[in-house]
Amino acid sequence: MAHNVDARGLACPQPVLLTMEAMKSTSDSEIEILVDNEASRENVSRAAATQGWNVVRSDELGEDFRILIKKK
């Protein structure tokens, strides 16, 4: 089961900071992040990659985006 981070409505760098905290604090191998703008989507994906996580999926859900990352 994936750990969930809901960063909708937050301005950068908050979505990235919440994702980084989740990566450090969870024992789950997957994290699902919800954001509501393209810049956050790109920044969260890039931050995850620099920390050794793979972006498994990045889906558009209406006006929101769902990013699924998995620990390498």
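Determine, yes or no, whether LEU61 is surrounded by 15 or more Cβ atoms within 10 Å (Cβ to Cβ), over 16 Å from LYS72 (Cα atoms) and either among the hydrophobic types (A, V, I, L, M, F, W, C) or touching a Lys or Arg at 6+ places or on another chain (Cβ under 9 Å) (or both).
no
Report whether or not ARG8 is of a type in the set (Lys, Arg) and part of a loop (DSSP other than H, G, I, E, B). Walk me through how you get there before you give the answer.
Numbers: of a type in the set (Lys, Arg): yes; part of a loop (DSSP other than H, G, I, E, B): yes.
Judged against the criteria, ARG8 is a match.
Answer yes if at least one residue in region 28-36 is surrounded by 18 or more Cβ atoms within 10 Å (Cβ to Cβ), outside any strand (DSSP E or B) and touching a residue at least 12 places away in the same chain (Cβ under 8 Å), and no otherwise.
No: region 28-36 contains no residue that is surrounded by 18 or more Cβ atoms within 10 Å (Cβ to Cβ), outside any strand (DSSP E or B) and touching a residue at least 12 places away in the same chain (Cβ under 8 Å).
Of everything in region 37-55, what is in a helix (DSSP H, G or I), among the aliphatic types (A, V, I, L, M) and surrounded by 14 or more Cβ atoms within 10 Å (Cβ to Cβ)? Give them in sequence order. Break it down stepwise before answering.
In the first step, residues of region 37-55 are kept if they are in a helix (DSSP H, G or I); the result is 38-50.
Next cut, among the aliphatic types (A, V, I, L, M) only: 39, 44, 47-49.
The answer is VAL44, ALA47, ALA48.
If a residue must be assigned to a loop (DSSP other than H, G, I, E, B) and either in contact with a Gly (Cβ under 8 Å, 6 or more places away or on another chain) or without any contact (Cβ under 8 Å) to a residue 12 or more places away in the chain (or both), how many such residues does region 56-68 contain?
Within region 56-68, residues that are assigned to a loop (DSSP other than H, G, I, E, B) and either in contact with a Gly (Cβ under 8 Å, 6 or more places away or on another chain) or without any contact (Cβ under 8 Å) to a residue 12 or more places away in the chain (or both) number 1.
As an exercise: evaluate CYS12 against (1) modelled with pLDDT under 95; (2) under 14 Å from LYS71 (Cα atoms); (3) surrounded by 13 or more Cβ atoms within 10 Å (Cβ to Cβ) and give the number of the one condition it does not meet.
Tallying (1) modelled with pLDDT under 95; (2) under 14 Å from LYS71 (Cα atoms); (3) surrounded by 13 or more Cβ atoms within 10 Å (Cβ to Cβ), CYS12 fails exactly one: (2).
The values are calculated or read from the model by the stated rules, or taken from the named source; none is laboratory data. No experiment lies behind these values; they were computed from the predicted model shown. Please note: Cβ atoms are built from the backbone with ideal geometry, for glycine as well, and neighbour counts cover all protein chains shown.
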